[in-house]
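Novice: Dropping the structure in here first, questions after.
The values are calculated or read from the model by the stated rules, or taken from the named source; none is laboratory data. Please read these numbers as outputs of a predicted model, since none were measured by experiment. Glycine gets a Cβ as well: all are built from the backbone with ideal geometry, and neighbour counts include every protein chain shown.
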Amino acid sequence: MYFFYFYPLGLDRRRTRLPVLSRFLMASMVVAFLWVRYFPDQGPCSPYDLVFYPGDGSPLTALTAIFLHAGWMHLLGNLLYLHVFGPPLEDRLGHGKFLIYFLIMGVGGNLAHGLTSALDLLGQGGTGVMGASGAIAGLLAFSLVRFHDSRVEVAWWVLAPLGGHNKAGRSRIPLAAAVGFWLLLQVVQALLASETGASVSFGAHFGGFALGLVLALLMGELESGRIEALGARAERYFRDGQFHAAAGAWTEYLVRSPGDLTARLELARAQKLCRQDRESLDNFRKVFDVLLSSGRIPKALDVFNEAGRGRDGRWLPPADLAKVAYFKEKQLDYTGALNAYRQLHEAYPLHPEGQRALVRVIVLYHGKLADQRQARQWLQRAWRQMPPGSWREYLEREFRLAEEPREAVSEGSAAGHPSRES
């Protein structure tokens, strides 16, 4: 005699938000179970009036029965599956859609049990049903469509008392294999149900699974899954150091999902590591422009810092470089602002923004950073390079630029004429 058990532990899909609804559903099931188990006489009605009995009682019980469970193992098994498969689906679908689909699959599974009960199939004629198993089976089917290329970590246990075998472990296997094996076990157990007297509602399992499969296909989740699979493949290539393959996968992904800034940033990083400098800078620039125009200034500055590392300022036009320096100065990052102004002036010395940047470099060295030696050196550069105009007049007025010898500007003169923010 052999016994085999396996349970999912985690799915290799990242999330971007808290699974608030999944946790709420889990908490609701725990509270309902404690009511049924320990306080059945407390409350506005008996919890057993909320169990779904086909052809008897309110039709609403097909919904309420989802949250009731017969025992600890029944509850914990469903909670574990909901914990693994609920959050990633909730993250993709959103809270509202996830709740609607969960309830539809749960009610559909209970109604499927009602059909098997009415037809006296699987030895379950005339029996009621409780539990979220139909909804959980639907989540499995939905995940199979949405995350068809993912892998799931499972814990397994093989016990053969008569043969002296007792093994347990953890493995990471394709989700399709795990769901397929779960479905095979359901079929085998359902065929033996009339002989074994199993109390599991296989009708709810099959009904919920079929409904989840149909819903996912009708809602276009297969195409969404294919797009996400490309992104997951690109991430896997990048982790493994296959940067050219990662760049190719991200490029294919962005053809189908061009508005994904995170993916474009990952593509830029992969291209940078492949020494595809022109393509990399082009994608960094696109991400930077979108972040800047949408007001996400800190993230835009992070992209600037990453893209500009080891490069001069020519990868951005003067107006954008000026904005970077301005925002860094507003954030009191004077060293970062100084570096941006220096890049701007050195890349575009004849541009009006480049001339203004030269003035800001002198002002920052003289005032915020109090580095008079650097201030004198940049004043000498201004003396040599600054053409006639308002900025030179400003320096002549504030720092006596015209009165200083070409070789140096006296420290006393600079200190005696503090600068004002331009």
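Novice: Select from segment 65-77 the residues that are surrounded by 20 or more Cβ atoms within 10 Å (Cβ to Cβ) and not hydrophobic (A, V, I, L, M, F, W, C) and list them in ascending order.
Specialist: Taking segment 65-77 and keeping what is surrounded by 20 or more Cβ atoms within 10 Å (Cβ to Cβ), we get 65-69, 75.
Listed by number, the list holds a single entry, HIS69.
Novice: To continue, here is another question. Looking at (1) farther than 27 Å from GLU223 by Cβ; (2) assigned to a helix (DSSP H, G or I), which one does VAL84 not meet, given that it meets all the others?
Specialist: Checking VAL84 against (1) farther than 27 Å from GLU223 by Cβ; (2) assigned to a helix (DSSP H, G or I), the one that fails is (1).
Novice: Hey, another quick one. Could you grab me the full set of residues in segment 337-350 that are crowded, with 18+ Cβ neighbours inside 10 Å and either in contact with a Ser or Thr (Cβ under 9 Å, 6 or more places away or on another chain) or touching a residue at least 12 places away in the same chain (Cβ under 8 Å) (or both)? Lay out the reasoning, then the answer.
Specialist: Here is the first cut: in segment 337-350, the residues crowded, with 18+ Cβ neighbours inside 10 Å are 337-345, 347-348.
Residues satisfying the conditions are ALA337, LEU338, ALA340, TYR341, ARG342, GLN343, LEU344, HIS345, ALA347, TYR348.
Novice: LEU18: touching a residue at least 40 places away in the same chain (Cβ under 8 Å), closer than 29 Å to LYS97 by Cβ and aliphatic (A, V, I, L, M), yes or no?
Specialist: Values: touching a residue at least 40 places away in the same chain (Cβ under 8 Å): no; closer than 29 Å to LYS97 by Cβ: yes; aliphatic (A, V, I, L, M): yes.
Criteria not met by LEU18.
Novice: Report whether or not VAL361 is in a helix (DSSP H, G or I) and under 35 Å from the mean Cα position of the chain (by Cα).
Specialist: Working: in a helix (DSSP H, G or I): yes; under 35 Å from the mean Cα position of the chain (by Cα): no.
Here the answer is no, as VAL361 does not meet what is asked.
Novice: I would also like to ask the following. For segment 47-72, which residues satisfy the criterion of being farther than 16 Å from HIS205 by Cβ and among the aliphatic types (A, V, I, L, M)?
Specialist: LEU50, VAL51, LEU60, LEU63, LEU68 - these are the residues of segment 47-72 that are farther than 16 Å from HIS205 by Cβ and among the aliphatic types (A, V, I, L, M).
Novice: Scanning for something acidic (Asp, Glu), surrounded by fewer than 18 Cβ atoms within 10 Å (Cβ to Cβ) and in contact with a helix residue (DSSP H, G or I) (Cβ under 9 Å, 6 or more places away or on another chain), does segment 210-233 turn up at least one residue?
Specialist: So in segment 210-233, the residues acidic (Asp, Glu) come out as 221, 223, 228.
Adding the requirement that they be surrounded by fewer than 18 Cβ atoms within 10 Å (Cβ to Cβ) leaves 223.
Add one more test, that the residue is in contact with a helix residue (DSSP H, G or I) (Cβ under 9 Å, 6 or more places away or on another chain), and what stays is 223.
Yes, some residue in segment 210-233 is acidic (Asp, Glu), surrounded by fewer than 18 Cβ atoms within 10 Å (Cβ to Cβ) and in contact with a helix residue (DSSP H, G or I) (Cβ under 9 Å, 6 or more places away or on another chain).
Novice: Hey, another quick one. Conditions: (1) more than 19 Å from TYR334 (Cβ to Cβ); (2) at pLDDT below 85; (3) exposed (fewer than 15 other Cβ atoms within 10 Å of the Cβ); (4) of a type outside the set (Gly, Ala, Ser). VAL409 meets all but one. Number of the miss?
Specialist: (3)
Novice: Another question about this same structure. Which one is farthest from LEU338 (Cα to Cα) among residues in segment 365-397 that are in contact with a Phe, Trp or Tyr (Cβ under 8 Å, 6 or more places away or on another chain) and part of a loop (DSSP other than H, G, I, E, B)?
Specialist: In the first step, residues of segment 365-397 are kept if they are in contact with a Phe, Trp or Tyr (Cβ under 8 Å, 6 or more places away or on another chain); the result is 365-366, 368-369, 371-372, 374-375, 378-379.
Then drop every residue that is not part of a loop (DSSP other than H, G, I, E, B), which leaves 368-369, 371.
Numbers: LYS368: 10, LEU369: 10, ASP371: 12 Å.
The selected residue is ASP371.
Novice: A further question on this structure: Of the residues that make up segment 330-343, is at least one aliphatic (A, V, I, L, M) and more than 37 Å from the chain's Cα centre (by Cα)? Reasoning before the result, please.
Specialist: So the first thing to find is which residues in segment 330-343 are aliphatic (A, V, I, L, M), and the list is 332, 337-338, 340.
Of the ones still in play, those that are also more than 37 Å from the chain's Cα centre (by Cα) are none.
No, segment 330-343 contains no residue that is aliphatic (A, V, I, L, M) and more than 37 Å from the chain's Cα centre (by Cα).
Novice: What about ALA247, is it under 28 Å from GLY131 (Cβ atoms) and within 24 Å of the chain's Cα centre (by Cα)? Explain how you work it out, then say what you get.
Specialist: On the way: under 28 Å from GLY131 (Cβ atoms): no; within 24 Å of the chain's Cα centre (by Cα): yes.
Criteria not met by ALA247.
Novice: Right, here's the next one. Does segment 116-133 contain at least one residue that is modelled with pLDDT under 90, out of contact with any Leu (no Cβ under 9 Å at 6 or more places or on another chain) and assigned to a helix (DSSP H, G or I)?
Specialist: yes
Novice: Now, a different point. Keeping to segment 200-256, report how many residues are within 30 Å of LEU111 (Cβ to Cβ), of a type in the set (Gly, Ala, Ser) and free of Cβ contacts under 8 Å to residues at least 24 places away in the same chain. Explain how you work it out, then say what you get.
Specialist: Just the residues of segment 200-256 that are within 30 Å of LEU111 (Cβ to Cβ), to begin with: 200-225.
So of that shortlist, the ones also of a type in the set (Gly, Ala, Ser) come out as 201, 203-204, 207-208, 210, 212, 216, 220, 224-225.
After this cut, where a residue has to be free of Cβ contacts under 8 Å to residues at least 24 places away in the same chain as well, the list is 220.
Adding up the residues that qualify gives 1.
Novice: Among the residues of segment 9-29, which ones are out of contact with any strand residue (DSSP E or B) (no Cβ under 8 Å at 6 or more places or on another chain), surrounded by 15 or more Cβ atoms within 10 Å (Cβ to Cβ) and outside any loop (DSSP other than H, G, I, E, B)? Steps first, answer last, please.
Specialist: Here is the first cut: in segment 9-29, the residues out of contact with any strand residue (DSSP E or B) (no Cβ under 8 Å at 6 or more places or on another chain) are 13-29.
Narrowing the set further to residues that are surrounded by 15 or more Cβ atoms within 10 Å (Cβ to Cβ) leaves 13, 19, 21-23, 25-26, 29.
Selection gives LEU21, SER22, ARG23, LEU25, MET26, MET29.
Novice: If we keep just the residues of segment 49-77 that are among the hydroxyl-bearing types (Ser, Thr, Tyr) and in contact with a Gly (Cβ under 9 Å, 6 or more places away or on another chain), which is modelled with the lowest pLDDT? Talk me through it step by step, then tell me what you get.
Specialist: Just the residues of segment 49-77 that are among the hydroxyl-bearing types (Ser, Thr, Tyr), to begin with: 53, 58, 61, 64.
The next check asks that each one be in contact with a Gly (Cβ under 9 Å, 6 or more places away or on another chain); those that pass are 53, 61.
Details: TYR53: 89, THR61: 94.
Restricting to residues being among the hydroxyl-bearing types (Ser, Thr, Tyr) and in contact with a Gly (Cβ under 9 Å, 6 or more places away or on another chain), the top hit is TYR53.
Novice: Only residues that are assigned to a helix (DSSP H, G or I), among the small types (Gly, Ala, Ser) and over 15 Å from ARG92 (Cβ atoms): list them for segment 220-262, please.
Specialist: The first filter runs over segment 220-262 and keeps only residues assigned to a helix (DSSP H, G or I), leaving 221-239, 243-256, 261-262.
Right, trim to among the small types (Gly, Ala, Ser) and you get 224-225, 229, 231-232, 234, 245-249.
Listed by number, the residues that qualify are ALA234, ALA245, ALA246, ALA247, GLY248, ALA249.
Novice: Another question, if that's okay. Looking at segment 53-62, can you tell me whether even one residue there is among the hydroxyl-bearing types (Ser, Thr, Tyr), buried (at least 21 other Cβ atoms within 10 Å of the Cβ) and either assigned by TED's automatic domain parsing to the domain that holds ALA190 or over 23 Å from GLY10 (Cα atoms) (or both)? Can you show your working first?
Specialist: The initial filter retains those residues of segment 53-62 that are among the hydroxyl-bearing types (Ser, Thr, Tyr), namely 53, 58, 61.
After this cut, where a residue has to be buried (at least 21 other Cβ atoms within 10 Å of the Cβ) as well, the list is 61.
Checking the rest, the ones that are also either assigned by TED's automatic domain parsing to the domain that holds ALA190 or over 23 Å from GLY10 (Cα atoms) (or both) come to 61.
Taking every residue of segment 53-62 in turn, at least one turns out to be among the hydroxyl-bearing types (Ser, Thr, Tyr), buried (at least 21 other Cβ atoms within 10 Å of the Cβ) and either assigned by TED's automatic domain parsing to the domain that holds ALA190 or over 23 Å from GLY10 (Cα atoms) (or both).
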